[in-house]
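Worksheet for the structure shown next.
The values are calculated or read from the model by the stated rules, or taken from the named source; none is laboratory data. Every value quoted in this text rests on a predicted model; they were computed, and no experiment measured them. Cβ coordinates were reconstructed from backbone atoms using ideal geometry, including for glycine residues, and neighbour counts include every protein chain displayed.
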Amino acid sequence: MNELVIRIQAPEVNGHRKFTDAISGLIKAYNDRFGIDLRESHQEQSPYQAIRDLEEQALADVDEGMYRLFAAITKTWLRTSLIKAKETPFKLNGRIFINPKTGKPLTNREWEIIVRDVEKAFGHIFKNAKELLVYKAMALGKIIQSYANPADVPPLSAVSLPARLPTYLDNAVEFAERNAAEHIVSLTAEARKRIATTIINAQKNRIGSRQLEADLFDRFASLNRDWRRVAQTELITNANNAALATAVDQAKSEGVKHTFMIGISAPNACPWCASHVRGQVVVVLDRPPKSGKDDVRVNGQTYKAIWEGKSNIGRDRDEWWVASGTQHPHCRCAWNRFMPEVASAYKMRA
């Protein structure tokens with residue numbers, strides 16, 4: 001039986017710190033050696049079932065596309081399931097030959113074909129991504145604001161999405177679409193680079209097809225992790241921005257001067273989110289304060305302020321502030337409208 005043993009000496013002295021350090025070391029070792037992130041199994045969850053469903057759909061579609069492309073490369077290009085890799089050159093695109101024994105370089109024309117095919121394949125893989133990350137995420141963010149209790153929000157299959165998003169979301173949609181497109185272009189370029197570099201390395205070092213297949217599998221696994229990080233962050237950010245804009249629009253229609261929101265986090269939220277977001281009341285502004293800080297006073301009380309685009313991107317962890325979208329990669333926190341006059345109905349943190 002395979003076992004993994006963590007030995008901690010003198011656990012009665014700073015035992016908690018020693019245990020934490022041991023786990024951190026284990027995580028780093030697995031990351032460095034196998035590319036496995038043990039923390040992924042403990043990621044935060046969205047408090048809304050519909051958002052969790054949409055996230056699963058966005059990830060599953062690209063997961064399937066990535067696998068199909070990898071399978072096509074190994075079967076059509078490398079032919080590892082059909083021939084003995086060590087003895088026979090493998091083909092690319094059915095007509096380009098690379099011989100691991102001779103290490104014969106590809107011509108520029110052959111590289112152009114590979115680049116074109118890879119870009120076309122990833123364009124197909126990501127063809128529905130923008131609709132999921134932008135339109136559907138924002139539509140859900142708008143709908144969620146009509147539910148006071150996250151548990152009451154139905155699953156995605158039971159939600160009727162509007163034919164089009166309201167006009168007050170036009171600016172947010174435009175920004176989100178550009179951001180999503182930029183991420184997709186960047187991921188496609190990175191995919192092309194990693195795949196091409198792996199093939200070049202195989203030629204240069206005369207690596208056999210089966211080893212190249214294993215190396216490509218690692219590259220695809222890495223690309224998939226990159227996509228998951230982007231998809232999860234963008235989806236939650238866009239849903240939150242739509243929720244904030246909807247709350248502001250509702251407040252204006254009611255003649256309410258200030259829009260308050262309360263942070264909602266799932267039970268497995270990270271310590272930072274549990275401390276700074278969950279149950280915390282913030283004020284939504286249409287622009288950052290001129291002071292450059294995020295503290296505002298309303299009716300004699302100080303609140304944290306959030307606004308569209310406020311994020312922790314580029315900030316060190318010790319400089320994080322409460323963001324409007326996601327607080328950090330893989331964050332699932334959300335915002336719901338808060339009515340100060342019925343504060344007693346909420347479980348407020350002192």
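Assorted remarks:
- Test: residue in segment 304-316 that is touching a residue at least 24 places away in the same chain (Cβ under 8 Å), closer than 25 Å to Ala148 by Cβ and assigned to a loop (DSSP other than H, G, I, E, B): yes
- Number of positions in segment 225-271 that are aliphatic (A, V, I, L, M) and outside any helix (DSSP H, G or I): 6
- Condition check for Ala202: modelled with pLDDT of 90 or more, aliphatic (A, V, I, L, M), out of contact with any Lys or Arg (no Cβ under 8 Å at 6 or more places or on another chain) and assigned to a helix (DSSP H, G or I): no
- Cβ-Cβ under 6 Å pairs, at least 6 apart or on other chains, segment 184-203 side within 21 Å of Val134 (Cβ to Cβ), far side outside any helix (DSSP H, G or I) and of a type outside the set (Gly, Ala, Ser): Ile184/Phe126
- Breaking point among (1) buried (at least 19 other Cβ atoms within 10 Å of the Cβ); (2) part of a helix (DSSP H, G or I), for Asn171: (1)
- Of the residues making up segment 263-287, those that are more than 21 Å from the chain's Cα centre (by Cα) and either modelled with pLDDT under 85 or loosely packed, with under 12 Cβ neighbours inside 10 Å (or both) are Asp286, Arg287.
- Boolean, Lys142 is under 23 Å from the mean Cα position of the chain (by Cα), modelled with pLDDT of 85 or more and assigned to a helix (DSSP H, G or I): yes
- Considering only residues in segment 42-78 that are farther than 30 Å from Val134 by Cβ and surrounded by fewer than 18 Cβ atoms within 10 Å (Cβ to Cβ), the one that is modelled with the highest pLDDT turns out to be Lys75.
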